[in-house]
Amino acid sequence: MAPKMRHADYSEDAEISPFGSREFYTVGQLADLLQLNQMTIYRMVKTGQLPYHQIGRMMRFRHDDVEGFLQKHRVPASLRKA
């Protein structure tokens with residue numbers, strides 16, 4: 001019997017650098033990536049701050065949408081409080 005092959009691109013434990021090659025994120029993956037609680041992600045979705053794709057009951061967040069969200073919420077260094 002041949003050994004079972006695992007494709008590194010599809011395994012959950014494959015190490016992917018932040019905003020690396022992944023196109024879509026689950027709620028849990030996005031929460032981990034942004035170092036937020038999953039409930040915070042759900043609140044941002046509910047208020048319309050964070051765009052998502054819905055497939056059945058599953059939410060997926062596209063890489064480019066997350067990048068756009070982060071750019072929109074970026075605070076320039078000159079406006080930061082000391």
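The values are calculated or read from the model by the stated rules, or taken from the named source; none is laboratory data. In this text the structure is predicted, and so the values were computed from the model without any measurement. Every residue, glycine as well, gets a Cβ built from its backbone with ideal geometry; the counts of neighbours run over all protein chains shown. Areas reflect the complete protein model, heavy atoms only, side chains present, ligands, DNA and RNA absent. Shrake-Rupley method; radii C 1.70, N 1.55, O 1.52, S 1.80 Å.
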Quiz item: About its Cα centre, what dipole magnitude does the range 34-74 give when the only charges are +1 on Lys and Arg Cβ and -1 on Asp and Glu Cβ, stated in debye to the nearest 20?
Solution: 160
Quiz prompt | Accessible area of the range 17-71 divided out per residue, in Å², using a probe of 1.4 angstrom | solution = 66
